[in-house]
Amino acid sequence: MDRYNFKKIEKKWQKYWDDNKFFSTKITNNKKKFYCLEMFPYPSGKIHMGHVRNYTIGDVLARYKSLQGYNVLHPMGWDSFGMPAENAARQNNLDPKTWTEKNISNMKSQLKKLGLSIDWDREISTCTPEYYRHQQEFFLELYDKGLVYQKEQYVNWDPIDQTVLANEQVIDGKGWRSGAIVERKKLKQWFFNINKFSEELLENLNSLDEWPNKVKIMQKNWIGKSFGCEISFKINNSKKVHEIKCFTTRPDTLFGMSFLALSVDHPIAKFYEKDEEFVKFKKECSKVGTTEEAIASAEKLGFKTELLATNPLNTKIKVPVYFANFVLMDYGFGAVFGCPAHDQRDLDFALKYKLNVQTVVRPDKNDNYFTVKDKAYTGPGYIFNSSFLDGLKCPEESIIKTIEYLEEEKIGNKKINFRLKDWGVSRQRYWGCPIPIMYDENNQPHKVPIDKLPVKLPEITKLETTGNPLDTLTDWKEINVNGKKYVRETDTLDTFVDSSWYFLRFCSPKNNKYGFDEEEVKYWMPVDQYIGGVEHAILHLLYSRFFMMAISYKNEKINIKEPFKGLFTQGMVCHETYKNENGDWLSPDEIETFNGVKVEKRDKNKIVKVGPSESMSKSKKNTIDPEKIIENYGADAARLFILSDSPPEKDVQWSDEGINSSYKFIQKLWLLNQKISSEILKDHESDNGDNLTKRTNQYLKKITDNLSSFSYNVLIANFHEIYSFLVKEISNKYTKKTIIDNYSKILITMIPVIPHFAYECLEMNDFGINKAWPNYNKKILESDRVEVVVQVNGKKRGLVNVERNIAENKLMEFIKKQKNINKYLVDRKQKKIIFIQNRIINIIN
RNA sequence: GCGGUCGUGCUGAAAUUGGUAGACAGGCACGGUUGAGGGCCGUGUGGACCUAGUCCAUGAGAGUUCGAGUCUCUCCGACCGCACCA
């Protein structure tokens, strides 16, 4: 018998799908739509195993939904702007466009080899003017809606990449890409007013019931809503009186205030610009370079001013004003009042600078001895030492009451504060979407008129080593509008903007009038299932949600609240790590197993140290090239294995044994297929029992259940089970009709995972390749006999096979006839019987 | 520090959502086939004991329940996210 020739067969079907535009899709009003989207890749050059996993999971779903009769939109594109292209161009002395296009064509052919059910007619690439011109139009739209503004702000400056980083791109005080220690720098930047939608972004999370809780909680924390109030404080020295505002969630502890702390960036700081001591202190504070954790636990430093702040609840009390390193300018008002007794951080500060610690909350109403010494009390209790607030229950009564008072006296207001900051989108980079803005001779910004769009990125042959090359292109920078001369904005947009609306573009990728066609978007959106890595839980997903809201804002035609109805975050692909005697990383290609021991290929005497399985990364050399795997084992085997070992949301470990066993399983399925083909020809006159039909139906139920719950690893186990069953059962005699009925259904269920194999078998047996998803027959599933568990005192004592829906007394009669069970029942009184029909009986005695 | 997820054989993992713990796979062992190796096929594989059987087993300990891997509480451990957020 022939072996399964995956090379030939996979190529054949891929060509068939391509030639027939098998996955091409369009609006079909009488069909239910399903938009299945996987996070589109950055064209780095080659696909990696993470892509294989991501796109296989998505493909299983897309093909399943399609078989179920849905009109499935399953597109693919390229997130093709970004720094790596620029870096590669600098290194290899070529232009980013060429580099990117080459990568795209290579990766596209790799993805095709995976046999994905993609509608390639909808392919998009964010670095093309056909894409980004619409993005520029969106930018201007948001500008008109007041959602875009410019301001000067301290930014995270990456000294190596010479660019500004978003807060989210700073990890442990370092640039996410370069790893360089991030500096602070003041620059004029463009911002998206994401904060405007804080409340809505938070509120809508409740409606996203097909999102993982984990992601929703992360977004919730990121938005960081807190309830409190703003309080005005009078600050004065001998000459002047200023008023400054603080935000607090604990106004009720105001009588415990013993200092007021300001950020070094607070407006008041300008009066100290010439103070050498202060300048020195400020420098000390802005020292970055340690981890976030270190910053958080760093010593609290303060710079004492001669200013005094008045307690608004008791104007006789005046406390010193400090500049302090722990006060952030971009949260609240960049100023806090310090209540050491009930805030650990304030207490640390107070102890260090020997400030008063006044306890104003005690856990017990009548505990006259309670006083805070070296550990702040933040729990509930009762207010004391606080004049008119004394005796109030804290926090329920005390906070409300204090705010009421402050509002009456016009020294404070209830306020909700968000941690979420506006999204700085300017990047001092060449390889990005140009911002469609121009400046007049007074340096005032103006929109580039719509008819001048797109603002095309000029072709550059040579990139400077640092900074933004667009800055140096004087010809390009000049623009004439209505006879007036303007200078272009040279910043480009953060690439997260590119990926914040690509899912809309996929609905009508060729529409050249606007970013999307209204009808198409109304039909296809929202994305029914979005699949990707959990690393995008905050950034990309929050920005996309914002963008959808921003487009719908003040828009009568489009009103889509949330872009992604369902979200699935898959785990990473891991592999063992290897090191040689010197501690250098070794790639799996460089080692082999010799007498059960891992050794170096080059020198088999050298034993390799096997490290823990970790997420595949180039630096640890524990990557496996998908292309080689497809070459050696086939796409179906790769797809099968990447799904088989672990649930999709968890990490999976790649192993030689695993991919090998998946390959062998397909070969076994092939042999089984040959066997079944020959059984069909025999066409026995009658069926030898209905075992085959019953088991097939049980199988169909399991498969359908596991597909809808993303239990793809269990799905593969189901394949193995039905294989083992068929191998034995098929030699019993069945009619041609029975075999075809059941086996063709089984083959269809394999299409989502191993499509090439399944289609080949369907075709060669003349079962037809356009069949619908097989539904199971409930009646057949309910066989007339069931297995009932028998427990005595909660312990399993036996298993009986009885007729379905047997009554309790009949079952008891039957059980008493079973020697091995009855021995637990004789000589004892039955106190109680718990009986769950067709499942279990528990006899208590 | 705050928030979250999770602890099941040698390993990856199943468990109809409170009802037969360990499906399926890997690994290993033994047997068959083969001149040998590989491959393929078969069997076994949680632990203990007085081994036709019985008892113990889901990180540890308690609780709820006829019944707990699943629910509740305490502790231990691992992982992830956020982090001076007032």
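Taking amide H as placed 1.01 Å from N in the peptide plane, the amide H of A:Ser508 sits under 5 Å from that of A:Asp517, each at least 5 places away or on another chain.
When the Kirkwood radius is taken over all Cα pairs of region A:1-68, what Stokes-Einstein diffusion coefficient follows at 4 °C and 1.567 mPa s, in µm²/s? The Stokes-Einstein estimate is 88 µm²/s.
Size of region A:364-471: Rg and Dmax of its alpha carbons, in Å, are 28.8, 79. Could you give each residue of region A:127-134 its phi-based ³J(HN,Hα) in whole Hz, using Karplus coefficients 6.51, -1.76, 1.60 with θ = phi - 60°, and x for Gly or Pro? Couplings: 8, 8, x, 4, 8, 6, 5, 6 Hz. Pairs with C-alpha atoms separated by more than 25 Å, drawn from the list A:Lys65/A:Lys522; A:Lys174/A:Lys565; A:Lys522/A:Lys650; A:Lys102/A:Lys565; A:Lys522/A:Lys771, are A:Lys174/A:Lys565; A:Lys522/A:Lys650; A:Lys102/A:Lys565; A:Lys522/A:Lys771.
I need the per residue convex hull volume for chain A, using only the alpha carbons, in cubic angstrom as a whole number. Mind showing how you got there, number by number?
Numbers: hull volume 231.9 nm³, N = 845.
Output value, Cα hull per residue: 274 Å³.
For trypsin sites (Lys or Arg not before Pro), the sites in region A:1-84 that DSSP calls loop and that have at most 13 other Cβ atoms within 10 Å are A:Arg3, A:Lys21, A:Lys26, A:Lys31, A:Lys32.
Set the Cα radius of gyration of region A:62-221 against 2.2 N^0.38 Å, with N its number of residues, and you get 1.32. Report, as a whole number in µm² per second, the diffusion coefficient that Stokes-Einstein gives for region A:781-845 at 25 °C and 0.890 mPa s using the Kirkwood radius over alpha carbon pairs. Diffusion coefficient, whole number: 208 µm²/s. Across region A:346-386, the convex hull enclosing all Cα atoms gives 71 Å³ per residue. Between A:Leu37, A:Tyr70, A:His48, the Cα set farthest toward the positive side of the dipole of region A:11-87 (charges on each charged residue's Cβ, about the Cα centre) is that of A:Tyr70.
Working note: Karplus 6.51/-1.76/1.60 with θ = phi - 60° gives region A:715-721 the couplings 3, 5, 4, 4, 4, 4, 4 Hz, where Gly and Pro are set to x. Using the Cβ-Cβ distance between A:Asp374 and A:Leu328 with R0 = 30 Å, the FRET efficiency computed as 1/(1 + (r/R0)^6) comes to roughly 0.75.
Enumerate by residue number the trypsin sites (Lys or Arg not before Pro) in region A:410-447 meeting two conditions: DSSP loop (anything except H, G, I, E, B), and at most 11 other Cβ atoms within 10 Å of the site's Cβ. Sparse-neighbourhood loop trypsin sites (Lys or Arg not before Pro): A:Lys410.
Across the accessible surface of chain A, with the other protein chains kept in place and a 1.4 Å probe, carbon and sulfur atoms take up 48 percent.
About the Cα centre of chain A, what is the dipole size in debye to 20, counting +1 per Lys and Arg Cβ and -1 per Asp and Glu Cβ, all else neutral?
The calculated dipole for chain A is roughly 2300 debye.
Between A:Val802 and A:Arg3, what length comes free when the chain is fully extended (0.36 nm per residue of separation minus the Cα-Cα distance, one decimal in nm)? Write down the numbers at each step before the final one.
Values: separation 799, 0.36 × 799 = 287.64 nm, distance 4.49 nm.
Full extension from A:Val802 to A:Arg3 adds 283.1 nm.
At a probe radius of 1.4 angstrom, the accessible area of chain A per residue rounds to 49 square angstrom. Compactness of region A:21-103 is given as radius of gyration and Dmax, 16.8, 53 Å, from Cα positions.
Note that region A:625-707 shows a convex hull volume over its alpha carbon atoms of 121 Å³ per residue. Axis angle, to the nearest 10 degrees, between helix A:83-92 and the longest C-alpha principal axis of chain A: 90 degrees.
Summarising the overall dimensions of region A:736-845 from its C-alpha atoms, the Rg and Dmax are 22.3, 65 angstrom.
Distance between the pseudo-spin-label points of A:Asn559 and A:Asn512 (7 Å out from Cα toward the beta carbon): 3.4 nm.
Given chain A, what percent of its DSSP beta bridges are antiparallel, to the nearest 5?
Numbers: 88 of 111 bridges.
Of the beta bridges lying entirely in chain A, close to 80 percent run antiparallel.
Electrostatic bookkeeping for A:Ile840 treats Lys and Arg as +1 and Asp and Glu as -1; over the other residues with beta carbon under 13 Å from its beta carbon, the sum is +2. For the peptides A:625-637, A:662-674, the ranking by packing is A:625-637, A:662-674, with the highest mean count of neighbouring Cβ atoms within 10 Å listed first. Extending 7 Å from Cα along the Cβ direction at A:Arg184 and again at A:Lys736 yields two label points whose distance is 8.4 nm. The distance linking region A:683-732 with region A:233-277 is 74 Å (Cα centroid to Cα centroid, whole angstrom). Sparsely packed loop sites in region A:780-845 (the trypsin sites (Lys or Arg not before Pro) outside DSSP H, G, I, E and B with at most 15 other Cβ atoms within 10 Å) comprise A:Arg804, A:Lys817, A:Lys823, A:Arg828, A:Lys829, A:Lys831, A:Arg839.
Within 13 Å, Cβ to Cβ, of A:Ser709, how many net charges do the neighbouring residues add up to if Lys/Arg are +1 and Asp/Glu are -1? Counting the neighbours of A:Ser709, the net charge comes to -1. Per residue, chain A reaches -10500 deg cm²/dmol at 222 nm when only DSSP H runs of four or more residues are counted, each adding -39500 (n - 2.57). In sequence order, region A:653-663 has phi-based couplings of 9, 6, 8, 4, 4, x, 5, 4, 5, 5, 4 Hz under the Karplus curve 6.51 cos²θ - 1.76 cosθ + 1.60, θ = phi - 60°, and Gly or Pro positions carry x.
Could you work out how much longer the chain between A:Asn237 and A:Gln830 gets when fully extended? Use 0.36 nm per residue separation minus the Cα distance between them, nm to one decimal. Can you show the working numbers first?
On the way: separation 593, 0.36 × 593 = 213.48 nm, distance 8.85 nm.
Full-extension gain reported as 204.6 nm.
The values are calculated or read from the model by the stated rules, or taken from the named source; none is laboratory data. Keep in mind the model is a prediction, meaning the values are calculated, not measured. Ideal geometry is used to build each Cβ from the backbone, glycine not excepted, and the neighbour counts take in all protein chains shown. To get the accessible areas, we keep the full protein, side chains included, count just its heavy atoms, and leave off ligands, DNA and RNA. Shrake-Rupley method; radii C 1.70, N 1.55, O 1.52, S 1.80 Å.
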